[in-house]
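Structure record follows, encoded as structure tokens.
The values are calculated or read from the model by the stated rules, or taken from the named source; none is laboratory data. These numbers come from a predicted model, not from an experiment. Please note: Cβ atoms are built from the backbone with ideal geometry, for glycine as well, and neighbour counts cover all protein chains shown.
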Amino acid sequence: MLPLVAIVLVAAVGAALMVAQLGITVRDRAEARTAADAAALAGVTGGRPAADAVAAADHGVIRRFVVADGATEVTVRVGRAEATARARPGRPAR
């Protein structure tokens, strides 16, 4: 009986660790998307320094910053996740 309890306990702990890792990954992806969106918008008006500041405030690091054809594209890393966002100056599309 004791070996069975030990096996079930090990399996339960392993499953709990996997769920925790999944939660961290999902959170990092969401935070990376938010940081990339905000950094791209800040980059349109304030350039790279503004984008860096906004990304850092969102616990992110800019991995790529490109301004081309009037658009600012930013890739931000938060934890183990990366996200890319693009923004343009002007009014939002409807």
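Things to note:
- When the criteria are applied in full, Val74 meets the requirement of being modelled with pLDDT of 85 or more, in contact with a Ser or Thr (Cβ under 9 Å, 6 or more places away or on another chain) and not small (Gly, Ala, Ser).
- When the criteria are applied in full, Asp58 meets the requirement of being free of Cβ contacts under 8 Å to residues at least 40 places away in the same chain, of a type in the set (D, E, K, R) and more than 14 Å from Ala87 (Cα to Cα).
- Count of residues meeting criterion [within 18 Å of the chain's Cα centre (by Cα) and under 15 Å from Ala85 (Cα atoms)] in the stretch 9-47: 15
- Within the stretch 54-91, considering residues that are surrounded by 15 or more Cβ atoms within 10 Å (Cβ to Cβ), among the small types (Gly, Ala, Ser) and within 15 Å of the chain's Cα centre (by Cα), the one farthest from Asp28 (Cα to Cα): Ala85
- Count of residues meeting criterion [among the hydrophobic types (A, V, I, L, M, F, W, C) and under 25 Å from Leu22 (Cα atoms)] in the stretch 33-73: 8
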